[in-house]
Amino acid sequence: MNVGVIGAGYVGLTISAVFAKWGHDVYCVEKEDEKVEDLKAGRIPIYEPGLEEWIKESLEKGKLVFTTDLAEAVKACHLLFIAVGTPEGPNGEPNLDFIEQIINELVPLITQPKIIVTKSTVPIGTNEWIKNKLIHAGVRSQFITVVSNPEFLREGTAIHDMCQPDKIIIGTDQVEAVEQLKELYQEINAPYLITSLAGAEMIKYTANSFLAMKISFINEIARICDAYQVDVTEVAKGIGMDPRIGSSFLQAGLGYGGSCFPKDVKALEYAAKQKEITPHLLQATQLINEEQLSLYCQKLRKSLTNFPDVSIAVWGATFKPNTDDIRNSQAVKLINLLTRKGCRVHVYDPVASISIQEVTVHSSIYESIKGRDGLVIATEWEMFHTVDWTLISKWMKGKVVLDCRNVIDPLLLKEHGFEYVGVGRP
Ligand code: UDX
């Protein structure tokens, strides 16, 4: 099938790479000339395991084309995916400028029947609005089918998540659109849920908000565990064995970040308030997440007598491991908070390129700890499990390790003479 993908961000690039790998002919449209030139040369602007190889392979086979020409993609493809960003606007309302721009550009180009599939996370009612906007602008209604097909891929495991999803959500009342998407996705073995446009939009926001709520819930439990000297990792394991609860997204720590959870919980809160509903749980979810930063900061203050006149190494700056993304990163927020308090902060991250005022960034993990009073693990990169603690113990001045992700074995650190500090880990 010929497939058009509008937007070469995280979702756009991943779905383009996967569609092309499955043998479809993909036209990925991106506005920025320079980005398109890079993509044509196989250089991708994000760090995502496996993605560059898949893109290069499809470019060589001629299955994937990057272009700035929307008209070329519209002419060639019956299926057009919209995968542009919907960044957070004021009051948490998503900004739909990019979507609106694309719709305006599509108006003169749709002269034959097209299926427009929205992958971007959009507020409830947006897909209906897209359909009406196109029709009011003069596109013949029989030429337009609008479908909501939200994407649930995670950064760091994007290809795997796209190829092995646990469900495919399709919002539409058009049987032909469902058939076309099923043909496109024939490599996937997952159940389908066919719902309304608004139903699909709501499912996406609800899924992300529920997962964020699960994280805030376990973080609240971790605080209580801390007070009663109970290990929260065991509590999470224990409750996770109940299939009604499930074991995922119960890792207590510094809290959630990234380009989706913070934005989507706020957007759903905004949507509720628009209808005069007070979304108590969504508000509590966000409050707990914000408070995690000061909670860990206080832990450090208690452990380091000279705080804030201390020199601290922070490992990890990305919002989670296996990505170079620092958008809405709790780690970066903690780094900023410690710097504002007056600590001298030294950062090491294996992938992210960061520059923060008054913060020293190291390219060597061992250089980052030399002479430091304390070490903070802010993002759980795999490599932090294989470091040489004997060397670190020798080179650090102080002996405090604040594990903000509950990933290091407290006994191992104790053996090396460290004081292990976590939340909910006695
Ligand atoms: C998320 C959704 O999982 C995905 O379905 C959606 O399409 C986009 O948003 P992503 O933002 O890539 O994906 O990251 P995810 O792995 O979900 O983690 C989000 C944040 O929650 C990270 O900051 C992570 O560190 C944190 N987290 C996750 C926890 O603190 N504890 C957990 O148990 C799980």
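The values are calculated or read from the model by the stated rules, or taken from the named source; none is laboratory data. It should be emphasised that the depicted structure is a prediction, and the values quoted were computed from it without experimental measurement. Neighbour counts run over all protein chains shown; Cβ positions are idealised from the backbone, glycine included. Quick note on the areas: whole protein, heavy atoms, side chains included, nothing else; ligands and nucleic acids left out. Shrake-Rupley method; radii C 1.70, N 1.55, O 1.52, S 1.80 Å.
Overview of values
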item	result
Computed E for ILE188/ARG344 - FRET, C-beta separation, R0 45 angstrom, nearest 0.05	0.35
The chain: angle of helix 97-106 to the longest principal axis, Cα-based, in degrees nearest 10	20 degrees
Gain upon complete extension [GLN229, ALA41; 0.36 nm per residue less C-alpha separation]	62.2 nm
Scattering profile of the stretch 292-421 at q = 0.10, 0.13, 0.19, 0.22 Å⁻¹ [log10 I(q)/I(0), Debye over alpha-carbon scatterers]	-0.26, -0.45, -1.04, -1.48
Relative contact order (%) - criterion: Cα under 8 Å, at least six apart; region: the stretch 251-315	31 percent
C-alpha long axis of helix 261-274 to longest principal axis of the chain, angle in °	60 degrees
Span from the the stretch 274-348 Cα centroid across to the the stretch 158-231 one, whole angstrom	27 Å
Cα-Cα over 31 Å, subset of LYS119/LYS273; LYS40/LYS266; LYS40/LYS214; LYS133/LYS214; LYS75/LYS263	LYS40/LYS266; LYS40/LYS214; LYS133/LYS214; LYS75/LYS263
Distance between modelled label sites at SER247 and ASP97, nm, 7 Å Cα→Cβ extension	4.5 nm
Overall form of the stretch 2-195 per C-alpha gyration tensor (a/c, 1.5; a/b vs b/c)	rounded
Value at 222 nm in deg cm²/dmol, rounded to 500, when DSSP H runs of n ≥ 4 in the chain each add -39,500 (n - 2.57)	-13000 deg cm²/dmol
Among ASP349, ASP324, ASP38, residue whose mean-square fluctuation peaks in a GNM of the chain (springs only between Cα atoms under 10 Å)	ASP38
Computed magnitude of the charge dipole of the chain (debye, nearest 20; Cβ of K, R +1, Cβ of D, E -1)	940 debye
The stretch 204-286: radius of gyration and largest Cα-Cα distance (Dmax), Å	13.9, 43
Cα Rg, Dmax (largest Cα-Cα span) when computed across the stretch 89-247, Å	20.0, 67
Fraction of accessible area attributable to carbon and sulfur, the chain (%, probe 1.4 Å)	52 percent
Inter-site label distance for GLU382 and LYS56 at 7 Å from Cα along Cβ, in nm	1.9 nm
Two-decimal log10 I(q)/I(0) for the chain, as the Debye equation yields it once each C-alpha is a single scatterer, q = 0.07, 0.08, 0.13 Å⁻¹	-0.39, -0.51, -1.15
